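So the structure is just underneath, and the comments pick up after that.
Just so it is clear, none of the values below were taken in a lab; they were calculated from the coordinates. From a predicted model like this one, the values you see are computed outputs, not experimental measurements.
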Amino acid sequence: MNRRVWVAGAAAVGVLAGVGVAWQRNAGPAGPAGSGAAVDPALAALWGLTLNTPEGGSLALKSLQGKPLLINFWATWCPPCIEELPLLNAFSQQNSANGWQVLGLAVDKLSAVQAFLARQPLAFPVVMAGMEGVALSQSLGNGPGGLPFTVVVGAKGQVLDRKIGRVSPDDLQRWHGLK
């Protein structure tokens, strides 16, 4: 990975972590969709990121704005993460025509993610967050920094739900009704 891109990414994650801490201390949780609540500052910073893909490209996260988005933080060394990926993959395949997007943020080493995806391809995009992804997940409400961690973002740019731990079919069904 290009050193400049890594340094810029690490700096962005540091900024996001600071924004997230300030937001949690001062603003409280995100309001429900349509409540008129301000856009979550951590999400505003997230949209400014461009992260590398395991294939060597990059993805500007702002390209995902405007549609419902399920963001999943995972790692190859995390058994519950690996167990939930087929569910997330099926959710992505079944709901992409309805506007839903799924994004995997790998909190892992590039070589491990590449090897995993070669064995088990996913229908949704995966970007490399590296170990800095823990701070990024914390800025989005994952206080303990545990994995897996999932954030559901509505089409209007508000956090609609969060879950630390393995996603269940019931979670996905409930989230499907959110937008």
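For this structure, a couple of remarks:
- For region 143-154, the Karplus equation 6.51 cos²θ - 1.76 cosθ + 1.60, evaluated at θ = phi - 60°, returns couplings of x, x, x, x, 10, x, 9, 10, 10, 10, 10, x Hz by residue, with Gly and Pro reported as x.
- Candidate lysines - alpha carbon under 20 Å from Lys62, same-chain residues fewer than 8 apart omitted: Lys156, Lys179
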